[in-house]
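See structure below.
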There are 2 protein chains.
Amino acid sequence: MLAVGLMSGTSLDGTDAALVEITGVGPTTKVKLRRFASYPFASGLKTKIKAALAVETSDVEQICSLNFELGAIFGAAVVKICAEAKIAPQELTFVASHGQTVYHLPRPDRPGLVPSTLQIGDPALIAERAQTAVISNFREADMAVGGQGAPIVPYSEYILYRSPEQTRILQNIGGIGNATVIPAAGELSDVVAFDTGPGNMIIDELCRRFYHEEYDRDGAHGAAGQVNQTVLQKLLQHPYFARPFPKTSGREDFGSEYVDQIMQQFDLGADDWVATATALTAQSIAQAVKQFATAQTELIIGGGGSYNPTLVKMIQAALPKVKVGIQEDYGYSSDAKEAIAMVVLGNQTWHHQPSNVPSATGAKRPVILGRITYF
Amino acid sequence: MLAVGLMSGTSLDGTDAALVEITGVGPTTKVKLRRFASYPFASGLKTKIKAALAVETSDVEQICSLNFELGAIFGAAVVKICAEAKIAPQELTFVASHGQTVYHLPRPDRPGLVPSTLQIGDPALIAERAQTAVISNFREADMAVGGQGAPIVPYSEYILYRSPEQTRILQNIGGIGNATVIPAAGELSDVVAFDTGPGNMIIDELCRRFYHEEYDRDGAHGAAGQVNQTVLQKLLQHPYFARPFPKTSGREDFGSEYVDQIMQQFDLGADDWVATATALTAQSIAQAVKQFATAQTELIIGGGGSYNPTLVKMIQAALPKVKVGIQEDYGYSSDAKEAIAMVVLGNQTWHHQPSNVPSATGAKRPVILGRITYF
């Protein structure tokens, strides 16, 4: 059957839509990407979402309205990708929509608050625009059984990448690096997922400060510089790397403040800083995943970092016995990965089957994720 | 099959739960109330909800958390009513939960806002507590096709009260009065629903000001006073009563400010004020429904106002040809009516059938309301 997966991430770039052919359920699931597109948000909408994300600038009226406004935009994305693929939206069995996360509170630090998460983009609006059933709200049920509601891609990764002979490690490199380890011939309950530490966050921040560039395009600065081993070893003593699994990291660990601090502490040239930060990401990934690497292990890199060849080479060098590749080497697409994952999760919901990964989220047990709005 | 309907109204009193036996679907639906209970909110929770309702005091973190907190409370209500009825929650086929409305914006009056509604009390939390499927979010789909998302009880009223010989008018008297007219042998599309004007709102406000009482218990003050016909005729000139259908009213028409205004304008004794306000409610109801009354018409009064015999007698006097009764005369319960309606709507969703009433909400067409969280 045909389905569209919709993903709208924390970067607020826009709506990712994946038109997918999917058959089977659970371990028999097979997917084929028919088309992928990214529809950018208008700048006014981006401003609205930013206001809704922050405690200081948010209110109930704005959230109520934006939930409907985003639903209509997600619905339009479905109509658009179907038009581009020359199919009628009615040919879809379902749309699986992640929604826009406006708040995620897995461990509240004030009394009166409970663990919770909030994704908006109302499914009724999507259903009306796309004239099809919509599956949405994939994080709540996991949190209802004590999980963190994240990560939610490991189920899809397990289904699509597991192998009887190879241990496969899916290494995503966005701002933060996160790994999903799928042991050879492992069960879903053997899957481990955690944040490895910085992804592109430090590299990007250095590029902004030194060159007013958003990121190290093609890893050019990293390649031109020299890794300072003394500084690298110091940076690897960051307490995050020694913390036990499962663990999550963020801007509070490796963001702008951290970059201020290390730049005060050490004196390096611009390219050398980028090279050393690239090595930090590579080494922290290698050290974290090494313990899971058996004789037959593949590390499959996705996310923006997979397009930085300097970084990919450094990871390969740090893991000589592991076969290191990128999503595209396996016929997949980094860009489409999360939108495809939504279809895999939606397919489970459609068949009333669970799709959280308790070993990754900390949930007490497997649960059916999402809810269905019928059309 | 067995189902529980949950309703949590704008009064913020607590959770109404109705345990119902339901069979059939659409016109063949039959319901039998097995048990009804009202579980009050703790005062701290009431304060939290009030803060979340107002633009000034609401924010995204609070709404995110309260959505989960209320879900758990609704789930606990299901567990409780099942325990009281000595059944296991697993015997339920579904729970149908209205949720707590924190914002309803059918006609936004500022640019940048879209028609929308927001009910919270996450169904995943209810499903986890009650160990059963949950149907929720009954207003969004109607709004997605241009309706106002309200009223949503008329479908249930049509199913439960329609008659081949009698025109039945369901008159609810809460703060505001609202009527659902079901013509004899009428189709669903013949159903008309609208707000008749003030319900208990003015009477209650007068009782608070004169006697520090929350309402006119047993209609005692109204019965002791004298209706001032001159004042009554003036009050009946309020522009709301002349507005065409469909129309909705609220606190902005007949709230505290309105009471300030009429008390400045006219000088009456306390009981005479209550008697005159009671007559205003009675007359406005009678004038509004008169045009629908045929030879065989019954007016069935529900809501708090049905327990005010002075008001009921005045309505009967104003409609001499109509048989006036209260819900209890028909073996129903005013208190349980909305929670039962949720089960009727949930049953439609369960069978993938529509249950909005376009002639009442203004929607472009019938749609399936609600979404299903499977357990």
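Can you pull out every residue in region A:80-113 that is crowded, with 17+ Cβ neighbours inside 10 Å, over 17 Å from residue A:345 (Cβ atoms) and among the β-branched types (Val, Ile, Thr)?
A:81, A:102
From A:38, A:11, A:43, grab the single residue that is within 26 Å of residue A:303 (Cα to Cα), touching a residue at least 60 places away in the same chain (Cβ under 8 Å) and not β-branched (Val, Ile, Thr). Even if it seems obvious, please write down each step before you answer.
On the way: A:11 fails: touching a residue at least 60 places away in the same chain (Cβ under 8 Å); A:43 fails: touching a residue at least 60 places away in the same chain (Cβ under 8 Å).
Going through A:38, A:11, A:43 in turn, the sole match is A:38.
If I ask for residues that are within 19 Å of residue A:177 (Cβ to Cβ) and either touching a Phe, Trp or Tyr at 6+ places or on another chain (Cβ under 8 Å) or crowded, with 19+ Cβ neighbours inside 10 Å (or both), which ones from region A:201-214 would you list?
A:201, A:202, A:203, A:204, A:205, A:206, A:207
Quick check on my filter: what residues within region B:136-153 are open to solvent by less than 10 Å² (accessible area, probe 1.4 Å) and either within 9 Å of chain A (Cβ to nearest Cβ) or on the phi > 0 side of the Ramachandran plot (or both)?
Hits for region B:136-153 are B:136, B:140, B:142, B:145, B:149.
Tally time: how many residues in region B:68-87 are of a type in the set (D, E, K, R) and facing chain A (nearest Cβ under 10 Å)?
Going residue by residue through region B:68-87, those that are of a type in the set (D, E, K, R) are B:69, B:80, B:84, B:86.
Now restrict to residues that are facing chain A (nearest Cβ under 10 Å): B:69.
The total comes to 1.
To keep it simple, each residue is scored yes or no on (1) β-branched (Val, Ile, Thr); (2) modelled with pLDDT under 95; (3) more than 19 Å from residue B:192 (Cβ to Cβ).
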{"position": "B:322", "(1), (2), (3)": "yes, no, no"}
{"position": "B:329", "(1), (2), (3)": "no, yes, yes"}
{"position": "B:335", "(1), (2), (3)": "no, yes, yes"}
{"position": "B:343", "(1), (2), (3)": "yes, no, yes"}
{"position": "B:351", "(1), (2), (3)": "no, no, yes"}
{"position": "B:354", "(1), (2), (3)": "no, no, no"}
{"position": "B:359", "(1), (2), (3)": "no, yes, no"}
{"position": "B:363", "(1), (2), (3)": "no, no, no"}
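Just the residues that are in a helix (DSSP H, G or I) and away from chain B (no Cβ under 14 Å), please, taken from region A:334-356. Explain how you work it out, then say what you get.
Within region A:334-356, the subset in a helix (DSSP H, G or I) is A:337-350.
Within region A:334-356, A:337, A:338, A:339, A:340, A:341, A:342, A:343, A:344 meet the criteria.
From (1) open to solvent by less than 10 Å² (accessible area, probe 1.4 Å); (2) away from chain A (no Cβ under 14 Å); (3) assigned to a helix (DSSP H, G or I), pick out the condition that doesn't hold for residue B:325.
Only one criterion is unmet by residue B:325, namely (3).
From the residues in region B:362-375 that are open to solvent by less than 30 Å² (accessible area, probe 1.4 Å) and at the interface with chain A (Cβ under 10 Å from one of its Cβ atoms), which one is farthest from residue B:117 (Cα to Cα)? Please lay out each step first, then the result.
Taking region B:362-375 first, the residues open to solvent by less than 30 Å² (accessible area, probe 1.4 Å) are B:363, B:367-374.
Within this subset, residues satisfying the condition of being at the interface with chain A (Cβ under 10 Å from one of its Cβ atoms) are B:367-374.
Working: B:367: 16, B:368: 17, B:369: 14, B:370: 13, B:371: 15, B:372: 18, B:373: 20, B:374: 23 Å.
Filtering first and then ranking leaves B:374.
So in region B:227-247, with the set limited to residues that are part of a loop (DSSP other than H, G, I, E, B) and within 15 Å of residue B:281 (Cα to Cα), which one is most open to solvent (accessible area, probe 1.4 Å)?
Initial filter on region B:227-247 (part of a loop (DSSP other than H, G, I, E, B)): B:227-228, B:236-238, B:243-247.
From what is left, the residues that are within 15 Å of residue B:281 (Cα to Cα) are B:227-228, B:236-238.
Details: B:227: 42, B:228: 50, B:236: 23, B:237: 135, B:238: 31 Å².
Checked region B:227-247; the qualifying residue most open to solvent (accessible area, probe 1.4 Å) is B:237.
Can you tell me which of B:260, B:253, B:272 is open to solvent by 20 Å² or more (accessible area, probe 1.4 Å) and in contact with a Phe, Trp or Tyr (Cβ under 9 Å, 6 or more places away or on another chain)?
On the way: B:260 fails: in contact with a Phe, Trp or Tyr (Cβ under 9 Å, 6 or more places away or on another chain); B:272 fails: in contact with a Phe, Trp or Tyr (Cβ under 9 Å, 6 or more places away or on another chain).
Only one candidate passes the filter, namely B:253.
Can you go through A:331, A:304 and tell me which one is more than 14 Å from chain B (Cβ to nearest Cβ) and at positive phi?
On the way: A:304 fails: at positive phi.
Going through A:331, A:304 in turn, just one is more than 14 Å from chain B (Cβ to nearest Cβ) and at positive phi: A:331.
With respect to residue B:359, determine if the residue is away from chain A (no Cβ under 11 Å), open to solvent by 30 Å² or more (accessible area, probe 1.4 Å), among the hydroxyl-bearing types (Ser, Thr, Tyr) and within 19 Å of the chain's Cα centre (by Cα). If you could, list the steps in order and put the result at the bottom.
Details: away from chain A (no Cβ under 11 Å): yes; open to solvent by 30 Å² or more (accessible area, probe 1.4 Å): yes; among the hydroxyl-bearing types (Ser, Thr, Tyr): yes; within 19 Å of the chain's Cα centre (by Cα): yes.
Answer is yes for this residue.
Within region A:281-310, work out how many residues are part of a loop (DSSP other than H, G, I, E, B) and either touching a helix residue (DSSP H, G or I) at 6+ places or on another chain (Cβ under 8 Å) or not hydroxyl-bearing (Ser, Thr, Tyr) (or both). Don't jump to the end; show me each part of the working.
Within region A:281-310, the subset part of a loop (DSSP other than H, G, I, E, B) is A:291-296, A:303, A:308.
Still in the running and either touching a helix residue (DSSP H, G or I) at 6+ places or on another chain (Cβ under 8 Å) or not hydroxyl-bearing (Ser, Thr, Tyr) (or both): A:291-293, A:295-296, A:303, A:308.
Final tally of qualifying residues: 7.
Based on this model, can you work out whether residue B:70 counts as touching a strand residue (DSSP E or B) at 6+ places or on another chain (Cβ under 6 Å), in the same structural domain as residue B:341 (by TED's automatic domain parsing) and modelled with pLDDT of 95 or more?
yes
Quick check on my filter: what residues within region A:32-59 are small (Gly, Ala, Ser) and assigned to a loop (DSSP other than H, G, I, E, B)?
Let us first name the residues in region A:32-59 that are small (Gly, Ala, Ser), namely A:37-38, A:42-44, A:51-52, A:54, A:58.
Those that are small (Gly, Ala, Ser) and assigned to a loop (DSSP other than H, G, I, E, B): A:42, A:54, A:58.
Return yes when residue A:333 is farther than 25 Å from residue A:247 by Cα, of a type in the set (Gly, Ala, Ser), open to solvent by 10 Å² or more (accessible area, probe 1.4 Å) and in contact with a strand residue (DSSP E or B) (Cβ under 9 Å, 6 or more places away or on another chain) and no when it is not. Give the steps one after another, and end with the answer.
Details: farther than 25 Å from residue A:247 by Cα: yes; of a type in the set (Gly, Ala, Ser): yes; open to solvent by 10 Å² or more (accessible area, probe 1.4 Å): yes; in contact with a strand residue (DSSP E or B) (Cβ under 9 Å, 6 or more places away or on another chain): yes.
Yes.
Has region B:92-115 got any residue that is on the phi > 0 side of the Ramachandran plot and within 11 Å of chain A (Cβ to nearest Cβ)?
Taking region B:92-115 and keeping what is on the phi > 0 side of the Ramachandran plot, we get B:99, B:112.
Now restrict to residues that are within 11 Å of chain A (Cβ to nearest Cβ): B:112.
There is at least one residue in region B:92-115 that is on the phi > 0 side of the Ramachandran plot and within 11 Å of chain A (Cβ to nearest Cβ).
Would you check which residues across region B:34-48 are surrounded by fewer than 16 Cβ atoms within 10 Å (Cβ to Cβ) and either closer than 22 Å to residue A:113 by Cβ or within 14 Å of another protein chain (Cβ to nearest Cβ) (or both) and list them?
B:42, B:43, B:44, B:46, B:47
Taking region B:13-31 only, how many residues are in contact with a strand residue (DSSP E or B) (Cβ under 9 Å, 6 or more places away or on another chain), open to solvent by 10 Å² or more (accessible area, probe 1.4 Å) and in a loop (DSSP other than H, G, I, E, B)?
Adding up the residues that qualify gives 2.
Regarding residue B:316, is this residue outside the structural domain of residue B:19 (by TED's automatic domain parsing), of a type in the set (S, T, N, Q) and either surrounded by fewer than 20 Cβ atoms within 10 Å (Cβ to Cβ) or under 21 Å from the mean Cα position of the chain (by Cα) (or both)? Please lay out each step first, then the result.
Working: outside the structural domain of residue B:19 (by TED's automatic domain parsing): yes; of a type in the set (S, T, N, Q): yes; either surrounded by fewer than 20 Cβ atoms within 10 Å (Cβ to Cβ) or under 21 Å from the mean Cα position of the chain (by Cα) (or both): yes.
So residue B:316 passes the test.
For region A:154-187, name all the residues that are out of contact with any strand residue (DSSP E or B) (no Cβ under 7 Å at 6 or more places or on another chain) and either in contact (Cβ under 8 Å) with a residue 24 or more places away in the chain or open to solvent by less than 30 Å² (accessible area, probe 1.4 Å) (or both). Reasoning before the result, please.
As a first pass, look at region A:154-187 and keep what is out of contact with any strand residue (DSSP E or B) (no Cβ under 7 Å at 6 or more places or on another chain): A:155-156, A:159, A:163-165, A:174-175, A:185-187.
Selection gives A:155, A:156, A:159, A:163, A:165, A:174, A:175, A:186.
Please tell me if residue A:313 is of a type in the set (D, E, K, R), assigned to a helix (DSSP H, G or I) and within 30 Å of residue A:237 (Cα to Cα).
Values: of a type in the set (D, E, K, R): yes; assigned to a helix (DSSP H, G or I): yes; within 30 Å of residue A:237 (Cα to Cα): yes.
So residue A:313 passes the test.
Could you please tell me which pairs satisfy a Cβ distance under 9 Å, a separation of 6+ or placement on different chains, a first residue in region A:49-67 that is at the interface with chain B (Cβ under 8 Å from one of its Cβ atoms) and in contact (Cβ under 8 Å) with a residue 60 or more places away in the chain, and a second residue that is part of a helix (DSSP H, G or I) and open to solvent by 10 Å² or more (accessible area, probe 1.4 Å)?
Sorted first by the residue in region A:49-67, then by its partner, the pairs are A:52/A:62.
The values are calculated or read from the model by the stated rules, or taken from the named source; none is laboratory data. Please read these numbers as outputs of a predicted model, since none were measured by experiment. Every residue, glycine among them, receives a Cβ derived from its backbone with ideal geometry; neighbour counts consider all protein chains shown. With ligands, DNA and RNA removed, areas are computed over all heavy atoms of the protein, side chains included. Shrake-Rupley method; radii C 1.70, N 1.55, O 1.52, S 1.80 Å.
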